[in-house]
Amino acid sequence: MEIKSAKYLISSPKVEGCPKPDKPEYAFIGRSNVGKSSLINMLTNHAKLAKTSGSPGKTQMINHFMINDTFYIVDLPGYGYAKVSQTQRGQWQKMIENYLKQRENLMTTFVLIDSRHEPQAIDLQFLRNLGEWHVPFNIIFTKADKSTQKEAHRNARVFIEAMKKEWEFIPRSFITSAVKFTGRKEILGYIEELNKDFFTEPTQ
Ligand code: GTP
Ligand code: MG
């Protein structure tokens with residue numbers, strides 16, 4: 001898929017403030033600093049579309065972007081950031097949970113996992129939450145340029161193996177680098193396929 005346009009629309013503190021759910025939507029979530037905003041900029045080929053930062057906790061609201069006037073991309077705050085107050089963390093968690101459970105046009109949630117690490121309990125727990133809430137998801141391994149290709153692929157495989165211990169169905173996953181544009185074509189192709197499902201009338 002070619003990206004013809006990418007526009008920032010709105011930042012909402014609550015799901016009620018989000019744009020009308022009349023287009024397919026794709027949310028990006030994962031630990032704080034895992035590379036959500038950078039990945040959105042890489043996919044859309046707009047270096048400054050989503051705000052990125054070297055320090056965690058940059059993204060704080062539900063941020064909608066309109067792509068090609070046909071679908072929405074959503075940048076969400078990261079989970080697991082220790083330095084924000086307990087109260088604020090609780091509020092973010094509730095905001096994310098409400099958003100994911102209530103957004104009827106959400107085609108899939110891309111859960112980002114840092115490809116440099118062994119499986120982390122906080123990520124596996126977040127996937128369990130998604131399962132409990134019946135939220136569809138895919139996995140994106142990030143920052144593949146920061147280790148050797150072999151190591152990034154190994155960590156991805158180990159994560160999927162950890163998932164297999166508790167999941168019957170393993171969703172499609174992608175290995176990416178926002179610096180090298182790795183995985184861009186594959187993810188955009190996947191979104192293009194899902195977009196078709198949204199616009200196809202269900203047959204009786
Ligand atoms: P929060 O919004 O704070 O939760 O963070 P985020 O997940 O949106 O991460 P962000 O995109 O702001 O990136 C965090 C840091 O990682 C920045 O310093 C980025 O430059 C860096 N980064 C993100 N993706 C990549 C990547 O693929 N390769 C490398 N080398 N650095 C990356
Ligand atoms: Mg961010």
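Rule-based calculations on the coordinates, nothing more; no lab input. What you see is a predicted model; the values in this text were computed from it and never measured. Positions of Cβ are generated from backbone atoms using ideal geometry, with glycine treated the same way; all protein chains shown enter the neighbour counts.
For the chain, what is the percent of antiparallel DSSP beta bridges, rounded to the nearest 5? Could you put the intermediate results ahead of the total?
Working: 12 of 32 bridges.
Antiparallel bridges make up about 40 percent of those DSSP assigns within the chain.
Where does each of Ser85, Ser115, Ser12, Ser37 land when they are ranked from fewest to most other beta-carbon atoms within 10 angstrom?
Working: Ser85 8, Ser115 26, Ser12 17, Ser37 22.
So the ranking, lowest neighbour count to highest, is Ser85, Ser12, Ser37, Ser115.
Please identify every one of the trypsin sites (Lys or Arg not before Pro) in region 91-180 that sits in a loop by DSSP and has no more than 16 other beta carbons within 10 Å of its own beta carbon.
Values: sites: Lys94, Lys101, Arg103, Arg116, Arg128, Lys143, Lys146, Lys150, Arg154, Arg157, Lys164, Lys165, Arg172, Lys180; in loops: Arg103, Arg116, Lys143, Lys165, Arg172, Lys180.
Passing both the DSSP loop test and the Cβ count: Arg116, Lys165, Arg172, Lys180.
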Checklist outcome for this item: Counted neighbours (other Cβ, 10 Å), sorted fewest up, put Ile160, Ile187, Ile40, Ile3 in the order Ile3, Ile160, Ile187, Ile40
Checklist outcome for this item: Calc'd 3J(HN,Hα), region 165-182, phi into Karplus 6.51 cos²θ - 1.76 cosθ + 1.60 (θ = phi - 60°), Hz, glycine/Pro = x, comes to 5, 10, 10, 7, 10, 9, x, 5, 10, 9, 10, 9, 9, 6, 7, 9, 6, 5
Checklist entry - Roughly what percent of Cα-Cα pairs across the chain reach past 30 Å? => result 16
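Please check the chain for the longest run free of GluC sites (Glu not before Pro) that are loop-located per DSSP (anything but H, G, I, E, B) and have at most 12 other Cβ atoms within 10 Å.
Details: sites that count: Glu2, Glu104, Glu166, Glu168.
It works out to 3-103.
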Checklist entry - So, in nm, how far is label Glu192 from label Ile3 when the simple model puts each one 7 Å beyond its Cα toward the Cβ? => result 1.5
